[in-house]
Every structure is written in structure tokens, then in C-alpha cells.
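The values are calculated or read from the model by the stated rules, or taken from the named source; none is laboratory data. For clarity, every value in this text was computed on a predicted model and none was experimentally measured. Methodologically, a virtual Cβ is constructed for each residue, glycine included, from the backbone with ideal geometry; neighbour enumeration extends over all protein chains shown. Keep in mind that these areas ignore ligands, DNA and RNA; they rest on the heavy atoms of the full protein, side chains included. Shrake-Rupley method; radii C 1.70, N 1.55, O 1.52, S 1.80 Å.
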Amino acid sequence: VRAAHLLFSEVLDWVPSHLEARLARGRCSRDLGDTIAAFSDFLRALHQAPQSPSPHIELGDLFFAKKNYMRAISHYDEALSIAPRDAITLCRRGISHHHRKRTEQATEDLMMAKRIDPEIPNIDRYIRMVQPKSRR
């Protein structure tokens with residue numbers, strides 16, 4: 001991951017506006033435990049490409065990993081306002097709602113994600129996980 005981080009940094013030295021390299025370097029930073037550098041790259045990507053859902057998804061994932069589900073949901077909301085049929089983002093937002101004890105929103109997001117892409121790994125298990133025991 002460190003080698004990939006260095007290579008993405010080199011790309012960004014040559015082409016600072018390269019969105020995919022910026023997002024990839026941010027993911028490398030996150031995986032290396034440097035959430036501040038990851039946040040910085042994702043935020044720069046967001047300012048660079050506000051019409052892209054990707055920076056919001058990455059920020060949502062970063063906040064999800066830090067267990068800040070409210071901020072994760074906010075970024076997933078923004079991503080879904082741009083790309084409303086992104087099944088994986090719906091799934092992640094649903095799980096975030098679950099952690100905030102919002103059963104109805106969690107179930108709704110996960111069911112919609114399954115309708116869009118029934119091949120999402122573990123989607124049926126996630127749906128069972130978020131439903132109240134009385135509905136299982």
C-alpha cells in the first residue's frame with residue numbers, strides 16, 4: 001500500500017487534477033491509518049469534482065470507519081443525490097442508519113439496494129440484521 005501511495009503521489013505531482021489518483025491516494029492513506037491525509041485528499045477531490053459522487057462516497061466510508069454514522073449518512077445522501085441508483089452506497093447508508101437505530105430507513109435502503117443489485121454480497125443477511133425481531 002505504501003508503494004501504491006508513493007506512485008499515486010508521483011502522478012499527482014505531474015497532474016494535480018487527476019481525480020482517480022487523488023481518490024486512490026486517499027484510500028491508501030486511509031488503509032495506512034492516516035485518516036487526516038485521507039480526509040484531505042477526499043476533500044480536495046470533492047472541491048475539484050463536486051458533480052462526482054465518488055468523493056462523497058469516500059468521505060462517507062471514512063466517517064463510517066470512524067463510527068461517525070451521522071456524517072457518513074450525510075455524505076452518502078449527497079452521493080445518492082448525484083447517483084440515486086448506486087446500490088453499494090444505498091447499502092452502506094442502510095447499515096449506517098442501522099447503527100443509528102433507524103430501523104425503517106435502514107430496511108428501506110437495503111431493500112432498494114437489493115432491488116437494484118441482488119448480487120451484493122451478504123445483502124440478505126444485512127436485511128435480516130436490520131429488521132426488527134417481530135418482522136423476521
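Data overview
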{"item": "Ile73 being over 10 Å from the mean Cα position of the chain (by Cα) and within 29 Å of Val1 (Cβ to Cβ)", "result": "no"}
{"item": "Condition met for Gln51 (open to solvent by 60 Å² or more (accessible area, probe 1.4 Å) and touching a residue at least 24 places away in the same chain (Cβ under 8 Å))", "result": "yes"}
{"item": "Test: residue in the range 35-43 that is of a type in the set (Val, Ile, Thr) and either closer than 19 Å to Lys66 by Cβ or open to solvent by less than 20 Å² (accessible area, probe 1.4 Å) (or both)", "result": "yes"}
{"item": "Unmet criterion (only one of (1) of a type in the set (Val, Ile, Thr); (2) surrounded by fewer than 20 Cβ atoms within 10 Å (Cβ to Cβ); (3) under 28 Å from Ala4 (Cα atoms)) for Thr89", "result": "(2)"}
{"item": "Residues within the range 54-86 that are over 18 Å from Arg115 (Cα atoms), part of a loop (DSSP other than H, G, I, E, B) and open to solvent by 70 Å² or more (accessible area, probe 1.4 Å), tallied", "result": "2"}
{"item": "Pair list, Cβ < 6 Å and 6+ apart or interchain, from the range 117-128 residues that are closer than 16 Å to Ser96 by Cα to residues that are open to solvent by less than 90 Å² (accessible area, probe 1.4 Å) and not polar (S, T, N, Q)", "result": "Ile123/Lys114; Tyr126/Leu110; Ile127/Leu110"}
{"item": "Check on Ala24, open to solvent by less than 80 Å² (accessible area, probe 1.4 Å), more than 24 Å from Ala83 (Cβ to Cβ), at pLDDT 95 or above and within 17 Å of the chain's Cα centre (by Cα)", "result": "no"}
{"item": "Any pair with Cβ under 7 angstrom, 6 or more apart, that starts in the range 1-28 at a residue that is farther than 16 Å from Leu59 by Cβ and ends at one that is open to solvent by 60 Å² or more (accessible area, probe 1.4 Å) and outside any loop (DSSP other than H, G, I, E, B)", "result": "Val1/Asp31; Ser17/Gln48; Ala21/Phe8"}
{"item": "Single condition Ser134 does not satisfy, out of (1) surrounded by 13 or more Cβ atoms within 10 Å (Cβ to Cβ); (2) modelled with pLDDT under 95; (3) among the hydroxyl-bearing types (Ser, Thr, Tyr)", "result": "(1)"}
{"item": "Options Ala83, Ala87; residue that is aliphatic (A, V, I, L, M) and closer than 25 Å to Pro132 by Cα", "result": "Ala87"}
{"item": "Subset of the range 92-121 that is part of a helix (DSSP H, G or I) and of a type in the set (Asp, Glu) - its residue that is least open to solvent (accessible area, probe 1.4 Å)", "result": "Asp109"}
